[in-house]
1. Counting only GluC sites (Glu not before Pro) that sit in a DSSP loop (anything but H, G, I, E, B) with at most 11 other Cβ atoms within 10 Å, what is the longest stretch of the chain containing none of them?
2. Starting from the 7 Å offset along Cα-to-Cβ, what nm value, one decimal, do you get for the label separation of residue 195 and residue 144?
3. Using +1 at the Cβ of each Lys and Arg and -1 at the Cβ of each Asp and Glu in the chain, identify which of 15, 32, 51 lies farthest towards the dipole's positive end.
4. Each label point is 7 Å from the Cα along the Cα-to-Cβ direction; what then is the distance between the points at residue 58 and residue 102, in nm?
5. What's the center-to-center distance, using Cα atoms, between the range 106-164 and the range 17-40 in Å?
6. Residue 211: net charge of surrounding residues, Cβ under 15 Å, Lys/Arg +1, Asp/Glu -1, itself excluded?
7. Using 0.36 nm per residue, how much length does the chain from residue 72 to residue 230 gain when fully extended, once their Cα-Cα distance is taken away?
8. With angles folded into 0 to 90 degrees, how steeply does helix 14-25 sit against the dominant principal axis of the chain? Use alpha carbons for both and round to 10.
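Just so it is clear, none of the values below were taken in a lab; they were calculated from the coordinates. Just so we're clear, the structure is a prediction, and the values are computed from it rather than from any experiment. For neighbour counting, all protein chains shown are included, and Cβ atoms are generated from backbone atoms with ideal geometry for every residue, glycine included.
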Amino acid sequence: MSTRTAVVTGASSGIGAATARKLAEAGFHVVLTARRTDRLDALAKELTADGRSVAVHALDVTDRAAVDSFAAGLDRCDVLVNNAGGAVGSDPVATADPADWRLMFEVNVLGVLNVTQALLPALVASGAGTVVVLSSTAGLATYEGGGGYVAAKHGAHVIAETLRLELNGKPVRVIEIAPGMVKTDEFALTRFRGDAERAAAVYAGVAEPLTADDVADTIAWTVGRPAHVNVDLLVLRPRAQASNYKVYREQTQ
Ligand code: NDP
């Protein structure tokens, strides 16, 4: 039997890259996908040097034709980690730019739909498939200024919940991972359009936000459970964060 294959979307940074590392360490052949292939190549080089089995594929999850052709070229798929996603802007509903909302829906909702639909036949054929959906605590409760991202992540949450119902009886489980505050290099920078000061303020005074590794560890643990065990929804936050907007910040002055 050939090595089990895991596909990770958005593997070029943050949680996706960390998850690819963990799954490769766990013995999966990992297919690294994202738009920035230079970063994927660097990660692949590092993992290959460590004796891991990986492949790289450029993939924009919002491009359905590209996703279909990617799926057609895969020999097998046992695990799909729908990680590609993110936030753009933090404007109130009253003034938010619809273009930002469209972008967030495209990647966080339709991106998950595109890749999941395309790989589902292979996941079923594997006999013990796993779909992981990276939603967020923003997929479960809202906060001011979160509007578009919260709506999009609620969409991802609903995909996971609905798919689990629809696949009942088939050999595929659906795991939703909903992290709270995770300090990654790019998430907040992307949200604030490259404004490093605003991005840093997100984590200001928070002693230990979650790291990409914390989330990757959690994903790898859920994927590593026996095939009949479905961790439906796992919420993880740093201890300093009791809800989306109740965050303990140490005084720095
Ligand atoms: P990053 O910004 O570091 O990573 C986002 C990844 O998504 C990148 O690898 C990027 O790769 C990829 N991506 C973005 N758009 C596309 C696209 N159209 N097609 C393919 N890949 C795309 O963020 P994080 O690692 O922090 O977040 C990862 C996931 O976890 C996201 O879904 C995010 O919403 C979620 N999350 C993050 C939290 C946090 O606090 N950081 C909290 C809860 C959930 P590239 O640009 O190369 O395509």
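1. Numbers: sites that count: 144, 250.
For GluC sites (Glu not before Pro) (loop position, at most 11 other Cβ atoms within 10 Å), the longest site-free span of the chain is 1-143.
2. Each label point lies 7 Å from its Cα, and together they span 1.6 nm.
3. The residue sitting most towards the positive pole is 51.
4. 2.4
5. A separation of 19 Å, based on Cα centres.
6. Neighbourhood net charge equals -1.
7. Gain on stretching residue 72 to residue 230: 54.2 nm.
8. Compared with the principal axis, the helix lies near 30 degrees.
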